[in-house]
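The block underneath contains the structure these notes are about, expressed in structure tokens.
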Amino acid sequence: MTDAEALLATWEQKFRPHPDGADLPAHHNHCLGCGPDNPHGHRLQARRHGDSVVASHSFDGRHVGAPGIVHGGAVATVIDDLYGFLLYLVGTPAVTRRLTVDYLAPVLIGTTYRLEGSVTSREGRKLFVAASLTASDGRSVATSTAVFVTVGVDHFGRCGAPSVDD
């Protein structure tokens, strides 16, 4: 069995109903956002919160942009990965079509932030999602919207991206 086949075999278990409050499984062990075995990753851990997903996350020195401040790409990576956990609630795999992040304040190294994401609407294969990154004082430091496109599991066993009209 190839690595891709092993990954796909676990997805049936992941894309099932998860009870409210449940910790959600990593997408796979080497995922940059949530994989526990990726030495460069964020190891994001999310849980279901009603129709949303939530996580707490602290960026470390591997994620520095300007001194003491998290690189914007690292913030975008974590938000994009948070959206991936929503797919467990939707019940189907999908890929990122468009990701927009509004940086409202510096995201600081070593500070714990709360992330929350939800599906705002669905049109055919398109999932419209939104997320926020909030400091412990309740201040929003980043917000995001994205469009995901649902795909069959076979998409991950081949090269290429789905074609969807805007």
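Brief remarks follow.
- Condition met for VAL64 (at pLDDT 95 or above and crowded, with 17+ Cβ neighbours inside 10 Å): no
- All positions within region 99-124 that are surrounded by fewer than 17 Cβ atoms within 10 Å (Cβ to Cβ) and out of contact with any Phe, Trp or Tyr (no Cβ under 9 Å at 6 or more places or on another chain): THR100, ASP102, TYR103, LEU104, ALA105, PRO106, THR112, ARG114, GLU116, GLU123, GLY124
Residue by residue, here is whether (1) touching a residue at least 40 places away in the same chain (Cβ under 8 Å); (2) of a type in the set (Gly, Ala, Ser); (3) within 20 Å of LEU32 (Cα to Cα) holds:
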residue: SER52; (1), (2), (3): yes, yes, no
residue: HIS57; (1), (2), (3): yes, no, yes
residue: GLY73; (1), (2), (3): no, yes, yes
residue: TYR88; (1), (2), (3): yes, no, yes
residue: ARG98; (1), (2), (3): yes, no, yes
residue: ILE109; (1), (2), (3): yes, no, yes
residue: SER118; (1), (2), (3): yes, yes, no
residue: ALA135; (1), (2), (3): no, yes, no
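- Of residues in region 44-58 being touching a His at 6+ places or on another chain (Cβ under 8 Å) and within 15 Å of THR112 (Cβ to Cβ), the one surrounded by the most Cβ atoms within 10 Å (Cβ to Cβ): LEU44
- The listed residue being over 24 Å from VAL149 (Cα atoms) and in contact with a His (Cβ under 9 Å, 6 or more places away or on another chain), out of GLY84, GLY21, GLY61: GLY21
- Residue match in region 30-45 (condition: in contact with a Cys (Cβ under 9 Å, 6 or more places away or on another chain) and outside any loop (DSSP other than H, G, I, E, B)): no
The values are calculated or read from the model by the stated rules, or taken from the named source; none is laboratory data. Remember, it's a predicted structure, so these values are computed and weren't measured experimentally. Note that each Cβ is placed from the backbone with ideal geometry, even for glycine, and that neighbours are counted across all protein chains shown.
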